[in-house]
1. For the range 140-165, give me each residue that is in contact (Cβ under 8 Å) with a residue 60 or more places away in the chain and either farther than 25 Å from P60 by Cβ or not polar (S, T, N, Q) (or both).
2. Please work out if V95 is closer than 30 Å to P155 by Cβ, in contact with a Gly (Cβ under 8 Å, 6 or more places away or on another chain) and open to solvent by less than 70 Å² (accessible area, probe 1.4 Å).
3. Taking the options G208, G194, G187, G227, name whichever one is within 22 Å of S38 (Cα to Cα) and at pLDDT below 95.
4. Taking E250 as meeting all but one of (1) touching a residue at least 60 places away in the same chain (Cβ under 8 Å); (2) in a loop (DSSP other than H, G, I, E, B), write down the number of the exception.
5. For the range 106-130, which residues satisfy the criterion of being touching a residue at least 40 places away in the same chain (Cβ under 8 Å), in a strand (DSSP E or B), hydrophobic (A, V, I, L, M, F, W, C) and surrounded by fewer than 22 Cβ atoms within 10 Å (Cβ to Cβ)?
6. Can you tell me which residue within the range 239-250, out of those that are under 17 Å from the mean Cα position of the chain (by Cα) and of a type outside the set (F, W, Y), is most open to solvent (accessible area, probe 1.4 Å)?
7. Here's a check for you: in the range 180-210, which residue that is in a loop (DSSP other than H, G, I, E, B) and of a type in the set (D, E, K, R) is farthest from G238 (Cα to Cα)?
Amino acid sequence: MDIAIDGDRFEMLGRLRGPLLTPGARGSFDADGVTVSSVVSHDGKLYAFYLGWTVLVHVPFTNFIGVAVSDDGKTFRRGSSVPVVGRSPENPLSVGYPIVLRDGPGWRMWFGSHLHWGQKGLEMLHVIKEARSPDLVQWTPSDAVVVDVAGPTDPLEFAISRPSLLREPDGSLSMWYARRRPHYELGFARSTDGARWERRDQDLIFVGTPEAWEDKERTYPFVFDHGGRRYMLYNGNGYGREGFGLAILEQ
């Protein structure tokens with residue numbers, strides 16, 4: 001679906017197209033679903049980084065990160081039949097929701113990593129890590145946690161996920177993310193180098209009264225600049241089951 005933004009108004013420009021990428025072959029890392037979370041343009045092609053989903057028995061799921069490539073933005077082909085970021089000593093369980101930015105001659109990716117599953121359901125410890133690549137295909141993850149859960153200052157928080165990043169005019173980086181404590185909330189952090197982040201969740205403020213579809217949760221942000229303004233797409237209650245919204249940064 002093509003959508004244009006004119007001020008605070010959305011206009012649909014075309015019919016729904018797709019699917020642009022379907023689940024992989026039986027037994028593959030993305031056989032049970034694909035979720036695209038970052039698209040970058042390079043050398044006339046679009047690179048879509050996505051989660052491959054596998055449904056499991058003893059834990060609900062596992063995710064690994066794949067890449068698909070498009071020449072025209074209408075159809076995507078898998079760049080590899082295996083993940084570009086998968087299970088490793090640094091990321092032993094599950095990784096997902098990558099966001100990719102240009103970094104000098106190469107590229108950097110920030111993504112979520114499961115460090116621990118609890119005894120039941122969605123009990124987990126989930127943090128943000130990073131990886132680097134010279135070519136968008138070969139990725140080297142770091143073993144460092146770049147955005148951690150709050151720990152003793154907020155013992156209810158157990159997951160930081162779905163980062164969305166922008167590079168500011170002064171070269172610094174801003175990150176928005178989802179927090180689970182145990183319901184979903186939004187968070188915010190700043191960094192000068194992308195490796196050390198200062199969490200400033202208190203700086204992320206929504207003005208006005210929440211509508212019914214977002215009165216319990218806001219989560220999974222995606223922030224972008226367009227036409228001199230900054231926008232945030234985000235999910236509402238129930239992981240977005242009741243709707244998703246658009247927020248505009250007040251100048």
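1. Within the range 140-165, R162, P163, L165 qualify.
2. Taking the combined requirement at face value, the residue satisfies it.
3. Going through G208, G194, G187, G227 in turn, the sole match is G227.
4. Exception for E250: condition (1).
5. Selection gives W107, W117.
6. Top of the filtered list is L246.
7. So, considering only residues that are in a loop (DSSP other than H, G, I, E, B) and of a type in the set (D, E, K, R), the one farthest from G238 (Cα to Cα) is D193.
For (1) within 22 Å of V149 (Cβ to Cβ); (2) open to solvent by 80 Å² or more (accessible area, probe 1.4 Å); (3) more than 17 Å from the chain's Cα centre (by Cα), each residue gets a yes or a no:
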{"site": "S191", "(1), (2), (3)": "yes, no, yes"}
{"site": "G194", "(1), (2), (3)": "yes, no, no"}
{"site": "W197", "(1), (2), (3)": "yes, no, no"}
{"site": "L204", "(1), (2), (3)": "yes, no, yes"}
{"site": "T209", "(1), (2), (3)": "no, yes, yes"}
{"site": "K216", "(1), (2), (3)": "yes, yes, yes"}
{"site": "V223", "(1), (2), (3)": "yes, no, no"}
{"site": "H226", "(1), (2), (3)": "no, yes, yes"}
{"site": "R229", "(1), (2), (3)": "no, yes, yes"}
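The values are calculated or read from the model by the stated rules, or taken from the named source; none is laboratory data. Quantities reported herein were computed from a predicted structural model and do not represent experimental measurements. Ideal geometry is used to build each Cβ from the backbone, glycine not excepted, and the neighbour counts take in all protein chains shown. Note: areas computed on protein heavy atoms with side chains; ligands, DNA, RNA excluded. Shrake-Rupley method; radii C 1.70, N 1.55, O 1.52, S 1.80 Å.
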